[in-house]
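What follows is a short report on a single structure.
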Amino acid sequence: MSVNQDYERSIREAEPMIEPDDPDSALPSPRLGADSLIWKFYGDSRGILGFQRLAGTENCIEQLGQAVLDHSVIFDDFLGRAKRTGPPVMKTVYSTEPQKWGRTVRDFHRDIKGTISDGSRYHALNPELFYWAHATFVDQVLYITDTFIRRLSYAEKVQIFEESKVWYDLYGVSSRSQPQTYEEFVEYWDDMLDRFVPHKTVVYATGYIRQGLPRPKKIPAPVWKIVSAPLNAFLRTVIVGTLPQQMRDVCGLKWDAKREKNFQRFAAVMRTLNPVFNRLPIKWLYVPWAYQAWREIGVDPRPLYNKPAA
C-alpha cells in the first residue's frame, strides 16, 4: 500500500485542516533542543549549498508552484521574500517560543488558495500541500548533512525523521499525510519526485542556471564575462548536482556523467574538510538564528555529533 495512495483526491479537497490550539492545556508545547540532530545540522551555514534543491523541489509540485505564482512577490523581490519567510521557519526550530512561530508560519498561509491548470482548487493549508513544503525542509537536513557535512548513519536518519514530526506539530496543521516511519518518508519522497511538473515558477526561478548569472549594471560586459565564468561553472556543477534528476528534467538543466563525477569530488572534499569547519567560530558556522539559540543556552555545538557515521 502506497503512503500516497490518496494523494490526488486529498490534495484536491483544497480545504485547510488546522489543529485547534488549546491555551489552557497543561501540557508543554513540543520543541526541539540541543540534544536533537535537527538543531545541530539545520542551521549550519553549509545549508546554503542546498538552497536551490529546497526551493525548487517545493515548486515542482503544481499546486505549490501555482500558489507562489498567484500570491508571492518572489519574481519581483526574491531577497525580500527570503528575508520575510526564512526567519519564522528558523525560529520555529530555534526560538524559545517555537509554537508561536510555527503558528505564525501557518497563519501566513490562511488565505493562499486558487486553482491549477486542470481547474481543480488548491489551498496552502491543505495537509497534503503543507506537509510537502515541510518535507522539503526535512530533506534539506538529511541531504545537506549527508552530502556536504558528514555521512549519516541509518539510525541518525531515523532520528532526524522522528524529530521532524515534532517540528511539524509546531505548525498546527493536520498530520494526516505525514509518513509514520523513516522508510515511509523515503517512499513518500520518491513518489513525490515522480509528480514533478515544469511549472512556470520553477522553470523561471532556474533560468539563471541555464542562461548564466545576469550581469550587474555597474560591471562592464567584458569584465563580467571573465568573472562570471567560474561562478556559472559552479552553479552548473555544484548547485545542479544537488537537484534530484526529476527536477533537472522538468527544468531543462543539463547533466552528465562528467558533471556527476566532479560534483561527487566536491562533496567528498567538503566532507573531508568538516573537522576544519568545526574549528570555525560558531558565529561563522551557523546562520544568525541558530547561532543566537546556541549562545542563549550556553552550548558549543561544534563538538556535538561530529563523529563519522558508523
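Between Asp21 and Gln264, the simple label model (points 7 Å from Cα in the Cβ direction) yields a spacing of 4.9 nm.
The length gained by stretching the chain between Ala221 and Glu8 to full extension, at 0.36 nm per residue less their Cα-Cα distance, is 71.8 nm.
Dipole of the chain computed with +1 at Lys/Arg Cβ and -1 at Asp/Glu Cβ about the Cα centre; of Thr242, Thr96, Thr181, farthest Cα towards the positive end is Thr242. For a straight C-alpha distance cut-off of 21 angstrom, the lysines reachable from Lys217 (same-chain residues fewer than eight places away being disregarded) are Lys225.
Here the gap between Ile297 and Lys283, fully extended at 0.36 nm per residue and compared with their Cα-Cα distance, gives a gain of 3.6 nm. When the pairs Lys100/Lys200; Lys113/Lys200; Lys157/Lys307; Lys261/Lys307; Lys200/Lys254 are compared against a 23 Å limit on Cα-Cα distance, Lys100/Lys200; Lys261/Lys307 fall above it. Taking a ≥ b ≥ c as the square roots of the eigenvalues of the Cα gyration tensor of segment 169-310, is the shape rounded (a/c under 1.5), prolate (a/b larger than b/c) or oblate? Verdict is oblate for segment 169-310.
Ordering Gln292, Val227, Asn262 by Cα displacement along the dipole of segment 218-310 toward the positive end leaves Val227 in first place; charges were set at the Cβ atoms of Lys, Arg (+1) and Asp, Glu (-1). Per-residue ellipticity at 222 nm from helix content only, as computed over the chain with -39500 (n - 2.57) for each DSSP H run of at least four residues, stands at -16000 deg cm²/dmol. Summing charges over all other residues whose Cβ lies under 13 Å from the Cβ of Leu193, with Lys and Arg as +1 and Asp and Glu as -1, gives -4. In this structure the amide hydrogen of Val173, modeled in the peptide plane, comes within under 5 Å of the amide hydrogens of Glu19, none closer than 5 places in sequence on its chain. Of all the C-alpha pairs in the chain, what % are more than 28 Å from each other? Every Cα pair in the chain considered, those over 28 Å come to 42 percent. Under 18 Å of direct C-alpha separation, and excluding same-chain neighbours fewer than eight residues apart, Lys283 reaches these aspartates and glutamates: Asp44, Glu296, Asp300. Of Met192, Phe161, Ile112, which is farthest on the positive side of the dipole of segment 78-195, counting Cα position, with +1 on Lys and Arg Cβ, -1 on Asp and Glu Cβ, and the Cα centre as origin? Looking along the dipole axis, the top candidate is Ile112. Between segment 130-166 and segment 236-261, the alpha-carbon centres lie 21 Å apart.
Rounded to the nearest 20 debye, the dipole magnitude of segment 166-310 is 1180 debye, with +1 charges on Lys and Arg beta carbons, -1 on Asp and Glu beta carbons, and the Cα centre as origin. Net charge in the neighbourhood of Trp294 (other residues with Cβ under 13 Å of its Cβ; Lys, Arg +1, Asp, Glu -1) is 0.
Read-outs: derived from the displayed coordinates by stated rules, not from any lab. As the structure is a prediction and not an experimental result, all values here were calculated from the model. Glycine also receives a Cβ, built like all others from the backbone with ideal geometry; neighbour counts cover every protein chain displayed.
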